[in-house]
Amino acid sequence: MENKKEVLWKIFISTLYLSAFTFGGGYVIVTLMKKKFVDQYHWIEEDEMLDLIAIAQSSPGAIAVNGAIVIGYKLAGMTGTLVAIIGTIIPPFMIISLISFFYNAFQSNYFVSLMLEGMQAGVGAVIAAVVFEMAAGIIHGKNVISVMIMALAFAATCFLGVNVIYVILACGLIGAVRTIIEQRKEKR
């Protein structure tokens, strides 16, 4: 493993880059974080990345920042957390500050409006890719209970209109119960 200074620098550059070029919200950054930290650097296993993203998603706040926090902490402790947060918040802070100065010009510009509509289509595709990759990881794990929980959560939100908050709470409770049961089995 590289020394801590190199790891911190890579965390900062990676989170800065991902945050600067990710449009469409936090779910888009999930795939990019996976490609960077799992596929490219091999710092985190794919299953562990899914767990970290689940933690980030279930915590209050922006998923991009929460994801950076848990990954930074996993890789380099509190220093990694601070570096990841700074790298993640600099680009949106600068972009929003710049846009606020020119808001009136952007608001009524026809070409900017068309560009944003085109980006929405791209964001939809990236979010679909995230869902596919995360679902594939669960299905290839061949854990029947996890696949059933995923399918029931999907059906509850999409077909039954159950509030996502209740689905997240229920899945968290199920996960906690499963973990307690597995830990008790291991102690025997």
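The values are calculated or read from the model by the stated rules, or taken from the named source; none is laboratory data. Computed from a predicted model, the values in this text were never measured in an experiment. As a convention, Cβ positions derive from the backbone with ideal geometry for all residues, glycine included, and neighbour counts pool all protein chains shown. Only protein heavy atoms, including side chains, enter the accessible area calculation; ligands, DNA and RNA are left aside. Shrake-Rupley method; radii C 1.70, N 1.55, O 1.52, S 1.80 Å.
Tabulated data
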quantity: Residue in segment 60-68 that is among the β-branched types (Val, Ile, Thr) and in contact with a Gly (Cβ under 7 Å, 6 or more places away or on another chain) present; calculated: yes
quantity: Leading residue by the ranking (surrounded by the most Cβ atoms within 10 Å (Cβ to Cβ)) among those in segment 26-47 that are more than 15 Å from Ile127 (Cα to Cα) and without any contact (Cβ under 8 Å) to a residue 12 or more places away in the chain; calculated: Val38
quantity: Listing of helices (runs of 4 or more DSSP H) fully contained in segment 103-159 that carry 3 or more residues being open to solvent by 80 Å² or more (accessible area, probe 1.4 Å) and modelled with pLDDT of 80 or more; calculated: 110-140, 144-158
quantity: Enumeration of residues in segment 90-102 that are of a type outside the set (Ser, Thr, Tyr) and assigned to a helix (DSSP H, G or I); calculated: Ile90, Pro91, Pro92, Phe93, Met94, Ile95, Ile96, Leu98, Ile99, Phe101
quantity: Residue in segment 156-165 that is over 20 Å from Asn66 (Cβ atoms) and within 17 Å of the chain's Cα centre (by Cα) present; calculated: no
quantity: Single unsatisfied condition, Ala54 versus (1) within 26 Å of Ala135 (Cβ to Cβ); (2) open to solvent by 60 Å² or more (accessible area, probe 1.4 Å); (3) without any contact (Cβ under 8 Å) to a residue 12 or more places away in the chain; (4) assigned to a helix (DSSP H, G or I); calculated: (2)
quantity: Residue tally, condition among the β-branched types (Val, Ile, Thr), exposed (fewer than 12 other Cβ atoms within 10 Å of the Cβ) and within 21 Å of Ala56 (Cα to Cα), over segment 174-188; calculated: 2
quantity: Residue list for segment 160-173, restricted to those being open to solvent by less than 100 Å² (accessible area, probe 1.4 Å) and either farther than 18 Å from Ala56 by Cα or in a loop (DSSP other than H, G, I, E, B) (or both); calculated: Gly161, Val162, Asn163
quantity: Residue match in segment 24-36 (condition: farther than 30 Å from Tyr166 by Cβ and either among the polar types (S, T, N, Q) or part of a helix (DSSP H, G or I) (or both)); calculated: yes
quantity: Cross-chain or 6+ apart pairs with Cβ under 8 Å, segment 2-17 first and open to solvent by 50 Å² or more (accessible area, probe 1.4 Å), then not in a helix (DSSP H, G or I); calculated: Lys10/Glu2; Lys10/Tyr41
quantity: Evaluation of His42 against (1) outside any helix (DSSP H, G or I); (2) farther than 30 Å from Gly141 by Cα (one fails), failing number; calculated: (2)
